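Okay, structure first, notes after.
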Amino acid sequence: MVDLFVYGTLRHVPLLELILGRTGPDLDVREAHLPGHGAFAVVDQPFPAIEEREGHRAPGLLLRGLSQDDMDALNFYEGGFDYTLRRMDVTLQDGTVCPADVYFPEPGLWPTGDVWDLAQWQDKWGALSLRAAEEVMAYRGRLTAAEVAERFRPIRIRAAAWLAAQDRPADPDHDLSRDVVVHAHKRAYVNFFAMEEMDLQFRRYDGSLSPVVNREAALVGQASVVLPYDPRRDAVLLIEQFRAATYIAGCRTPWMWEPVAGLIDPGETAEQAAHREAQEEAGLSLTSLEPVTRAYPSSGASGEFLHIFVGICDLDTVGEGGGLDSENEDIRSQILSFDALMEGIDAQIYQDMPLVTAALWLARHRDRLRRAQTM
């Protein structure tokens with residue numbers, strides 16, 4: 001049996017219970033602290049690192065009597081972040097000193113800032129971390145901790161998208177707790193994207209439940225799509241890049257003309273993502289965003305949810321874009337007149353549905369946008 005002291009996100013008991021697969025009454029958990037150390041927020045990350053610092057004491061929980069399976073589960077969850085266990089003396093609330101293992105990061109791995117605040121983390125990141133941990137732990141025994149760590153960003157993007165979907169208005173005509181019955185849920189595949197599969201029944205229009213059906217969905221997350229438009233020049237900017245998905249599907253023209261687009265990171269708004277992607281992919285600063293729609297582009301196959309905008313800009317100020325090397329993006333851009341864009345739409349030369357959607361919206365609102373520039 002192992003005693004473990006935790007000082008960071010594992011102090012959030014619902015997360016701890018999810019990882020261990022058992023609830024509080026089955027756990028021996030006691031408040032404690034590690035003298036001469038502090039838990040400090042990692043710069044640009046939603047978790048802390050522990051550091052030895054005079055005059056500090058790191059608050060935490062002492063988990064007593066953990067089994068080898070418990071430790072295997074915790075090491076799987078934490079193991080992709082280059083932590084090692086060190087034996088330390090921790091102090092309970094009554095002053096009792098107990099030896100316990102503590103997860104320490106590799107020295108110098110994480111730049112740190114202020115003292116980490118558990119309550120602030122719970123308020124901002126608690127729900128997302130729980131949803132992400134559900135997916136992470138589903139891969140235990142199938143992936144290594146390092147393989148999960150490589151996929152952790154898209155896992156968190158999917159978790160944020162799921163929470164955002166839960167926050168959208170409920171269906172007024174259906175009670176999901178009654179009208180959908182899930183018999184099995186399998187996370188069938190994961191890489192940058194994921195494939196999830198369910199055996200389920202749904203309420204039919206005659207009031208009966210359907211037979212049990214097997215359905216799957218490609219899960220991507222939320223994305224922002226923005227078509228840059230310069231009302232003064234009456235022109236748009238399109239980008240072109242190779243799309244492996246269309247090539248895999250058999251498309252003979254997998255270099256696609258598209259609007260600027262990118263996944264929304266956790267903690268980021270759709271609008272912030274649109275501005276960021278415009279800089280990264282096209283070297284553009286947008287002056288404002290016009291919302292076009294929010295929708296699922298292929299609701300029969302994918303859970304991806306799009307926030308589509310037209311971005312007002314000055315196309316005389318296009319800078320260096322081209323995408324990110326870290327994401328293997330190779331992007332070129334093209335400026336064309338509104339009339340040329342619509343000729344292409346009418347000739348059906350564009351194969352990207354968000355581009356077609358944004359272009360048709362622009363056709364309806366173009367006069368208003370151009371008038372606004374002359375006021």
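A few remarks follow.
- Most simply put, the chain has about 85% antiparallel DSSP beta bridges, counting only bridges with both residues inside it.
- For segment 266-326, the fraction of alpha-carbon pairs in successive 10 Å shells from zero, as %: 21, 43, 31, 5, 0
- D (Stokes-Einstein, µm²/s), Kirkwood Cα radius, segment 110-261, 0.890 mPa s at 25 °C: 126
- Converting the Cα gyration tensor eigenvalues of segment 1-102 into ellipsoid dimensions via √(5λ) gives semi-axes, longest first, of 20, 17, 12 Å.
- Shown here are the Rg and Dmax of the Cα trace of segment 40-177, at 17.9, 60 Å.
- Largest to smallest principal axis extent of the C-alpha atoms in the chain, angstrom: 77, 58, 39
- Mean projected area of the convex hull spanned by the Cα atoms of segment 239-304, taken over all viewing directions: 5.6 nm².
- Fraction in percent of alpha-carbon pairs per bin - 5 Å, segment 234-276: 5, 19, 18, 16, 18, 15, 7, 1
- Here segment 201-241 is treated as a Stokes sphere of Kirkwood radius computed over C-alpha pairs; at 4 °C and 1.567 mPa s its diffusion coefficient rounds to 84 µm²/s.
- Rg over Rh for segment 61-134 works out to 0.98, both radii taken from alpha-carbon positions and Rh defined as the Kirkwood radius.
- Highest-fluctuation residue, 126, 55, 65 considered, GNM on the chain with Cα pairs under 10 Å: 55
- Seen from every direction in turn and averaged, the convex hull around the alpha carbons of segment 30-89 projects onto 4.9 nm².
- Max mean-square fluctuation residue, GNM over the chain, Cα-Cα springs under 10 Å, options 14, 266, 107: 107
- Segment 62-179: antiparallel DSSP beta bridges as a percent of all, rounded to 5: 90
- For segment 110-180, the pair-distance distribution built from all alpha carbon pairs, in bins 5 Å wide starting at 0, is 3, 13, 16, 16, 18, 16, 9, 4, 2, 1, 0 percent.
- Computed across segment 200-345, the Kirkwood radius stands at 17.0 Å (inverse of mean 1/r, all Cα pairs).
Taken together, the values in this text are just the output of simple stated rules run on the coordinates, not laboratory data. Remember, predicted model here, so these are calculated numbers, not experimental data.
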